[in-house]
Amino acid sequence: MTRTHDLRPARLSLRDVLRVGAVGLRARRARVVLSALGIAIGIATMVAVVGLSESSRADLMSRLDRLGTNLLTAEAAEDPLGGTVRLPKNAVAMVERIGPVRHATATAEVDARIRRSDVVPEERTAGVTTQAARTDLLSTLGGEVARGTWLTRAGERLPTAVLGAVAADRLGVTRPGETIMLNDVQVAVVGILEPVELVPTLDRVALIGFPAATRYFGFDGHPTTIFERSTDASVEDVRAVLARTVSPGNEAGVRVSRPSDALAARAAADKGLTALMLGLGAVALLVGGVGVANTMVISVLERRQEIGLRRALGATRNAIRLQFLTESLLLSSLGGVAGALLGSAATYGFARAQGWTAVVPPWSLAGGLAATLAIGVVAGLYPAVRASRLHPTVALNAT
């Protein structure tokens, strides 16, 4: 009795598939590098955009946590006739009576022109204005003095001033002890502030005490802006009653805002910009995918004799398809890994230069590599199918 055996085509192991797929790449290194470069640029762009956006947003959130989101401001608005509403002199005291309020302070516009010295014409003010401030302003806003000291109980009655960071630069004041002119009064600079992040308008002013403003410049005592800090849980409740508390009966003349909203808006704007940049990265990735497909099609045309020889020696159509599909995947993966490394390096380098904590979300790397594999499959599918359909005799006779 004879036993017959079914002839079955040999199957390539994973190791053999990877080795055969890598042969074509090693034989055409320059073309492989250029094709992979398109993929790398697309992946690097996407990873860097996401990483820089997340790093910037993390820095903003860190600043918000440090500065606090419980600061509210109440400013005098314009009346229907175009003038400015006058807030009550006791507005700060009334705000302090609101239960959840922890700190309240105020500033006021003062009609005093600022000059570097008496030889500078009065009309040349360098874009710097004068405001009266209470001694608790800096602690309420979380500001810091860069050089010198802040206004004291004694100093607020004397012709002394503290300059914002921009004001000091515009006036050419570099250290405490120098003098400036407010109208015709010589005023000593006792301090220069660090930039006030939550209230950047204070960077461009010279701050003097309320008593000094009244004594030397005819200030009437009415505040212009009220600042208050309350508990985090009660910010919205305080916001709802702040206007009518500051100016009873005329709450329409008071404009209430939360300075931290500007930083939150920047974080939201970053999300929109990230989406735009991701779209550009996707376009670059698409161009890279087209380059891979083009490379694979040309590879099939150039290697028809190789394909015919393999088919004549017993390679099945599936084996040929698998070979070229693997080659496409390896090519795309090479570009994807290089792009992920480049994008991560760019993120860390730029974040470090900006003083941020670098953040590269793992999902951006995983998503980039997944997109790379998808492009490899799509770009290599047609060339792989085309290669598998070549008849051995025709392929061997190709020149």
Extended-chain gain in nm, criterion 0.36 nm per residue less alpha-carbon gap, Val377 and Glu194: 60.3 nm
Going 7 Å from the Cα of Arg175 toward and past its Cβ, which residues in region 123-162 have a backbone nitrogen under 17 Å from where you end up? 146-149
Here, Leu309 and Ser117, labelled 7 Å along Cα→Cβ, have an inter-label distance in nm of 9.0 nm
Cβ neighbours within 10 Å, averaged per peptide: list 128-138, 364-374, 91-101 in order, most packed at the top. 128-138, 364-374, 91-101
Segment Thr201-Thr69, length gained on full extension (0.36 nm per residue, minus Cα span): 45.7 nm
In square angstrom, rounded to the nearest 10, how much accessible surface does His222 have for a 1.4 Å probe? 40 Å²
Ignoring ligands, DNA and RNA, what percent of the accessible area of region 143-193 is carbon or sulfur (1.4 Å)? 49 percent
Using a 1.4 Å probe, how large is the accessible area of Phe350, given in Å² and rounded to the nearest 10? 90 Å²
Starting from the Cα-Cα distance between Thr357 and Ala146, subtract it from 0.36 nm times their residue separation and give me the gain in nm to one decimal. 73.5 nm
What FRET efficiency, computed as 1/(1 + (r/R0)^6) with R0 = 22 Å and r the Cβ-Cβ distance, is obtained for Asp184 and Asp220, rounded to the nearest 0.05? 0.65
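The values are calculated or read from the model by the stated rules, or taken from the named source; none is laboratory data. Since this is a predicted model, take the numbers as computed values, not measurements. Every residue, glycine as well, gets a Cβ built from its backbone with ideal geometry; the counts of neighbours run over all protein chains shown. To get the accessible areas, we keep the full protein, side chains included, count just its heavy atoms, and leave off ligands, DNA and RNA. Shrake-Rupley method; radii C 1.70, N 1.55, O 1.52, S 1.80 Å.
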